[in-house]
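See below for the structure under consideration.
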Amino acid sequence: MSKKSKKAHCSPAVLAQHTTAGLDEAGRGPLAGPVVACAVVADRRSVLPGIKDSKKLTPKKREEFYKILIRHPGIEWGIGRVSEKVIDKINILEATKLAMKKAVINLRNRGISCRPGFLILDGKMKLDLPIPQRSIVKADEKIFSCTAASIIAKVYRDNIMKKYHKKYPRYGFDRHKGYGTPFHLKMLKKYGRCDIHRKSFHYGSSKTA
């Protein structure tokens, strides 16, 4: 990654001492399905032109970047997934942290080169891990590895919800991915909850992410 790039991971001093992993999640707001997190370690030369936070990309563009990212030789990634049942037991904040921890563990299991010595988290998270970390608001817009993590987590979760659609077609999970759209709320009112709906969530409006 060139020094001119706006997608710097962190300070040069940190980069010189640590392998840095960027983290982000998808699925905190939906009424159904899991929350998914991704941890990414990226070679500094792996920045992709035009890449943005997943929420600022069209679904088609997200899919395109996802396919590039998961196969890129300079990028390693790990996924953490926490089910709606666990979300109901421990709340969505703790479930998100758990998903992030799982993502880091799965990344570490890929090999020595994927064992981060420093974590950058989007938002204001703090993980119970013996690894130095820093939370940055809107890191998914500023830090390349967090941007990549946001895209991988989002598309990975979308694909899970598309599979659930085949099992529960009446709810339209392939369309809204579990978020509280008018159509989803209408189907909930008509049919009630299915097994993957979060029982601890109120069924009002829910923003997409």
- When (1) over 17 Å from residue 26 (Cα atoms); (2) out of contact with any Leu (no Cβ under 7 Å at 6 or more places or on another chain) are applied to residue 133, the one that fails is (2)
- Note on the structure: Filtering the stretch 111-139 down to residues that are closer than 14 Å to residue 42 by Cα and touching a strand residue (DSSP E or B) at 6+ places or on another chain (Cβ under 6 Å) yields 114, 116, 118, 119, 120
- Item | Residue match in the stretch 84-105 (condition: surrounded by 14 or more Cβ atoms within 10 Å (Cβ to Cβ), among the basic types (Lys, Arg) and either more than 21 Å from residue 164 (Cβ to Cβ) or touching an Asp or Glu at 6+ places or on another chain (Cβ under 8 Å) (or both)) | yes
- Query: Scanning for something over 21 Å from the mean Cα position of the chain (by Cα), surrounded by fewer than 23 Cβ atoms within 10 Å (Cβ to Cβ) and outside any helix (DSSP H, G or I), does the stretch 153-168 turn up at least one residue?
  - Reply: yes
- Condition met for residue 174 (within 20 Å of residue 58 (Cβ to Cβ), in contact with a His (Cβ under 6 Å, 6 or more places away or on another chain) and not aromatic (Phe, Trp, Tyr)): yes
- Message: Return the residues of the stretch 180-203 that are within 21 Å of residue 95 (Cβ to Cβ) and surrounded by fewer than 17 Cβ atoms within 10 Å (Cβ to Cβ); say none if nothing qualifies.
- Response: 193, 194, 195, 199, 200, 202, 203
- Of the candidates 180, 204, 172, the one satisfying the condition of being modelled with pLDDT under 95 and under 18 Å from residue 27 (Cβ atoms) is 204
- Message: I want to confirm something. Restricting to the stretch 127-139 and keeping residues that are in a loop (DSSP other than H, G, I, E, B) and within 18 Å of residue 38 (Cβ to Cβ), which single residue is nearest to the chain's Cα centre (by Cα)?
- Response: 138
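Identify, from the list 142, 177, the residue that is surrounded by 13 or more Cβ atoms within 10 Å (Cβ to Cβ), in contact (Cβ under 8 Å) with a residue 24 or more places away in the chain and under 19 Å from residue 77 (Cβ atoms).
On the way: 177 fails: under 19 Å from residue 77 (Cβ atoms).
Result of the check over 142, 177: 142.
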- Qualifying residues in the stretch 58-83 (those that are within 15 Å of residue 25 (Cα to Cα) and aromatic (Phe, Trp, Tyr)) - the one surrounded by the fewest Cβ atoms within 10 Å (Cβ to Cβ): 66
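The values are calculated or read from the model by the stated rules, or taken from the named source; none is laboratory data. Here the structure is a predicted model, which means the values were calculated and not measured. Neighbour counts are summed over all protein chains in view; Cβ atoms, including those assigned to glycine, are modelled from backbone coordinates with ideal geometry.
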